[in-house]
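The values are calculated or read from the model by the stated rules, or taken from the named source; none is laboratory data. Since the structure is predicted, the reported quantities are computational estimates derived from the model, not experimental observations. Backbone-built Cβ (ideal geometry, glycine too); neighbour counts: all protein chains shown. In case anyone asks, the SASA skips ligands and DNA or RNA and just uses the protein heavy atoms, side chains included. Shrake-Rupley method; radii C 1.70, N 1.55, O 1.52, S 1.80 Å.
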Amino acid sequence: MDEKGIGYVFGAPIDVIISNDNVVSLRLFIYQKIERLIKKKGIFGVPDMIIEILSLSSHYRDTYEKKAIYERAGVREHWLVDPCMKTIEIRY
């Protein structure tokens, strides 16, 4: 947690178990509270914020398929960082 108490930042790849049907490997994500979520298999629960770093090999999945998963799960903020285009898209 940072000194202002905003939350816990995780760098990855780490598996995040959003639901029984949805496990995603994330590079950067934030939880405001983390009590009892960390297990050997990964981190259980919906992150408060996810930052996806796009690559050519995962662009479609990260942009479209994961977006639907995150919306259904209730992720509050989702960033798409495209290093090739030098853009950041913020989704709420």
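Observations
- Residue match in the range 75-88 (condition: among the hydroxyl-bearing types (S, T, Y), surrounded by 11 or more Cβ atoms within 10 Å (Cβ to Cβ), modelled with pLDDT of 90 or more and more than 16 Å from P13 (Cα to Cα)): no
- Some residue of the range 6-24 being in contact with an Asp or Glu (Cβ under 6 Å, 6 or more places away or on another chain) and at pLDDT below 90: no
- Evaluation of I90 against the conditions (1) hydrophobic (A, V, I, L, M, F, W, C); (2) touching a His at 6+ places or on another chain (Cβ under 8 Å); (3) in contact (Cβ under 8 Å) with a residue 24 or more places away in the chain shows that the sole unmet condition is (3).
- Test: residue in the range 23-44 that is in contact (Cβ under 8 Å) with a residue 40 or more places away in the chain and open to solvent by less than 40 Å² (accessible area, probe 1.4 Å): yes
- Qualifying residue in the range 54-72 (condition: among the β-branched types (V, I, T), closer than 15 Å to V9 by Cα and open to solvent by less than 40 Å² (accessible area, probe 1.4 Å)): no
- Test result for R91, open to solvent by 100 Å² or more (accessible area, probe 1.4 Å) and basic (K, R): no
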